[in-house]
1. Residues Val58, Val54, Val47: which one is exposed (fewer than 10 other Cβ atoms within 10 Å of the Cβ), closer than 30 Å to Gly146 by Cα and not acidic (Asp, Glu)?
2. Would you check if Arg151 is closer than 25 Å to Met57 by Cα and of a type in the set (D, E, K, R)?
3. Does Val36 fit the bill of being of a type in the set (Val, Ile, Thr) and without any contact (Cβ under 8 Å) to a residue 24 or more places away in the chain?
4. Being in a helix (DSSP H, G or I), among the small types (Gly, Ala, Ser) and touching a helix residue (DSSP H, G or I) at 6+ places or on another chain (Cβ under 6 Å): is that true of Ser74 here?
5. Could you please find all residues in segment 94-127 being closer than 24 Å to His52 by Cβ and touching a Ser or Thr at 6+ places or on another chain (Cβ under 8 Å)?
6. The conditions are (1) without any contact (Cβ under 8 Å) to a residue 12 or more places away in the chain; (2) part of a helix (DSSP H, G or I), and Leu69 fails exactly one of them. Which is it?
7. Here's a check for you: in segment 84-108, which residue that is in contact (Cβ under 8 Å) with a residue 40 or more places away in the chain and farther than 14 Å from Asp132 by Cα is surrounded by the most Cβ atoms within 10 Å (Cβ to Cβ)?
Amino acid sequence: MLTFINWISVWAIPVIIAFVPLYAFTKKVPVYESFVDGAKDGFSTAVSIIPHLVGMMVAISVFRASGALDFVISLFTPLVSWMGVPGEVLPLGILRPLTGTGSLAFTTDLIKTYGPDSMIGRMASTVQGSTDTTLYVLTVYFGAVGIRNGRYALKVGLFSDVVGFIAALAICLIVFG
């Protein structure tokens, strides 16, 4: 079984890369021209979302450099410690909706410091998989299509991050506690 899965993982992407142009050719689609048109559209989309990404990155940097992140963490650490959750994991609940790279770097640091099999390492890994980079997703996708009023998207996204964070910590306490 493992040999079959390994075979699929080795050949899946080359087969797809070969199949798509061949299929397009049989349907008489101008393959190269279609590729160039798609690349042109993708490039213009990437250029159009740059201001949104820069704004988000500046806001995150200001939030961290101003000490606001540390202040919020200091407020909630006694509460989560009382519930049996290590305070070291708390910054992930704030960082993860803001920045995927920052939260991954923080998770990596926690795992290097405490180990992957520690409660902190397990909680950090579970939180990483149970939440999303909500503000990044909203910035990129809404910026790409020009949506100015996200209505409930931000509220629902952040609510789902809070639920995912709490559920990840609770499940880790139940399973590994």
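1. On the way: Val58 fails: exposed (fewer than 10 other Cβ atoms within 10 Å of the Cβ); Val54 fails: exposed (fewer than 10 other Cβ atoms within 10 Å of the Cβ).
Step by step, each of Val58, Val54, Val47 is checked, and only Val47 is exposed (fewer than 10 other Cβ atoms within 10 Å of the Cβ), closer than 30 Å to Gly146 by Cα and not acidic (Asp, Glu).
2. Values: closer than 25 Å to Met57 by Cα: yes; of a type in the set (D, E, K, R): yes.
Answer is yes for this residue.
3. Details: of a type in the set (Val, Ile, Thr): yes; without any contact (Cβ under 8 Å) to a residue 24 or more places away in the chain: yes.
When the stated conditions are applied, Val36 passes them.
4. Details: in a helix (DSSP H, G or I): yes; among the small types (Gly, Ala, Ser): yes; touching a helix residue (DSSP H, G or I) at 6+ places or on another chain (Cβ under 6 Å): no.
It is false that Ser74 is in a helix (DSSP H, G or I), among the small types (Gly, Ala, Ser) and touching a helix residue (DSSP H, G or I) at 6+ places or on another chain (Cβ under 6 Å).
5. Residues of segment 94-127 closer than 24 Å to His52 by Cβ: 94-106.
Scanning segment 94-127 gives Leu95, Arg96, Pro97, Leu98, Thr99, Gly100, Ser103.
6. Failing condition for Leu69: (1).
7. Per the criteria, the residue is Val89.
Conditions tested, residue by residue: (1) hydrophobic (A, V, I, L, M, F, W, C); (2) over 30 Å from Ala46 (Cβ atoms); (3) modelled with pLDDT of 90 or more.
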{"position": "Ile60", "(1), (2), (3)": "yes, no, no"}
{"position": "Leu69", "(1), (2), (3)": "yes, no, no"}
{"position": "Thr101", "(1), (2), (3)": "no, no, no"}
{"position": "Thr126", "(1), (2), (3)": "no, yes, yes"}
{"position": "Asn149", "(1), (2), (3)": "no, no, no"}
{"position": "Val162", "(1), (2), (3)": "yes, yes, yes"}
{"position": "Ala168", "(1), (2), (3)": "yes, yes, yes"}
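The values are calculated or read from the model by the stated rules, or taken from the named source; none is laboratory data. Treat the numbers as computed from the prediction; the structure is a model and nothing was measured. All Cβ positions, even for glycine, are placed from backbone atoms using ideal geometry, and neighbour counts span all protein chains on display.
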